[in-house]
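Structure, as structure tokens:
The values are calculated or read from the model by the stated rules, or taken from the named source; none is laboratory data. All values derive from a computational prediction rather than experimental measurement. Quick reminder, even Gly has a Cβ in these numbers, built from the backbone with ideal geometry, and neighbours come from all protein chains shown. What goes into the accessible areas is simple: the full protein's heavy atoms, side chains included, and nothing from ligands, DNA or RNA. Shrake-Rupley method; radii C 1.70, N 1.55, O 1.52, S 1.80 Å.
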Amino acid sequence: MLAAQLDAYLEHLRSERQVSAHTLDGYRRDLSKLLAYCEKEALADWAALDISRLRRQVAQLHKEGQSARSLARLLSATRGLYRYLIREGHCKHDPASGLTPPKGERKLPKVLDVDRASQLLDGAQEDDFISRRDHAMLELFYSSGLRLSELVALNLDGLDLPAGLVRVLGKGSKVRELPVGSKAREALEQWLPLRALANPEDGAVFISRRGRPIGARAVQLRVRQAGVSELGQHIHPHMLRHSFASHMLESSQDLRAVQELLGHADIATTQVYTHLDFQHLSKVYDSAHPRAKRRKEQDS
């Protein structure tokens, strides 16, 4: 009964909901764990699984090393299964309703410190199409904290270099205006004449040699290559955005302003940078405060 109804649900996802093969495999893997647990508990049908049993299963999986993200996915898959079972009349309750996964550790974003960011951006520049374009992209990422999608979608009508502003379309189709620093303005002023010579297909600011808008994957590759060349490490566009946010917060201590610049709907998303700022302050304290230095000497 359990396996047959699970198979029917997976077939429903495949044929009626038309989910992708990848998504279907994910549901199958997660719900197979739930099926194995129910069979181990000798449950006759899905209606016999209650919230206390499901909570114990989640706790056990967490104890065995399952991440919070994996457990959240399992609970989401369980809710989907029970919506189907309730609709088909096989069950009257959802044991996953109101159940939340254990909180996982929030990973802090990786950033470049100010010196490393300067090293990346102040490297020797060739006066050619690719070098000028890539340098302008790097400067704009770090100057204005753009997302990769925002930079790729940026058109000429979104630039106001005399005013030092860039207008981008962010998440949720929200438009925001951002300041463009003097170094980024200079890099863009050096790039735009070379762009014009490539016979652009449209108004995209960043284009290929053939005049076509450059894609996100190509931008990621160029940023990565710049990191390897100048810093000897792999970097990605979001690392420059994280660095922008972290350095702004270190200097201004204005969380609300950084939230606005990043285009975060919820300030809780921005607050991760306060942890980075605290790490920075902790390092300064440990290296500068006499009592901290004495303690470190004793520990060693």
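If you take just the helices (runs of 4 or more DSSP H) that sit entirely in the stretch 1-87, which of them hold at least 2 residues that are of a type in the set (Asp, Glu)?
Details: elements: 2-15, 21-40, 51-63, 68-87.
Counting at least 2 such residues, we get 2-15, 21-40.
The listed residues are ALA96, ALA68, ALA72, ALA77, and the only one of them that is outside the structural domain of HIS22 (by the TED database) and under 25 Å from HIS22 (Cα atoms) turns out to be ALA96.
Of all residues in the stretch 121-169, exactly one satisfies the criterion of being within 16 Å of PRO193 (Cβ to Cβ) and of a type in the set (Phe, Trp, Tyr), namely PHE129. Within the stretch 158-201, the set of residues being assigned to a loop (DSSP other than H, G, I, E, B), among the basic types (Lys, Arg) and either under 23 Å from ASP128 (Cα atoms) or touching a helix residue (DSSP H, G or I) at 6+ places or on another chain (Cβ under 9 Å) (or both) is empty. Quick one: ALA124 ticks every box in (1) assigned by the TED database to the domain that holds LEU221; (2) outside any loop (DSSP other than H, G, I, E, B) bar one, so which box is it? Just one mismatch for ALA124, condition (2).
Of all the listed residues (GLN60, GLN66, GLN18), the sole one being open to solvent by 40 Å² or more (accessible area, probe 1.4 Å), among the polar types (S, T, N, Q) and closer than 24 Å to GLY89 by Cβ is GLN18. The single condition among (1) under 16 Å from ASP134 (Cβ atoms); (2) open to solvent by 30 Å² or more (accessible area, probe 1.4 Å); (3) touching a residue at least 40 places away in the same chain (Cβ under 8 Å); (4) assigned to a helix (DSSP H, G or I) that ARG209 does not satisfy is (4).
Residue-wise test of (1) open to solvent by less than 50 Å² (accessible area, probe 1.4 Å); (2) within 20 Å of the chain's Cα centre (by Cα); (3) outside the structural domain of HIS238 (by the TED database).
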| position | (1), (2), (3) |
| --- | --- |
| ILE130 | yes, no, no |
| SER144 | yes, yes, no |
| ASP157 | no, no, no |
| LEU192 | yes, no, no |
| ASN199 | no, no, no |
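Just checking, which of GLY203, GLY170 is touching an Asp or Glu at 6+ places or on another chain (Cβ under 7 Å), open to solvent by less than 70 Å² (accessible area, probe 1.4 Å) and more than 22 Å from LEU262 (Cβ to Cβ)? Sole residue among the options that is touching an Asp or Glu at 6+ places or on another chain (Cβ under 7 Å), open to solvent by less than 70 Å² (accessible area, probe 1.4 Å) and more than 22 Å from LEU262 (Cβ to Cβ): GLY203.
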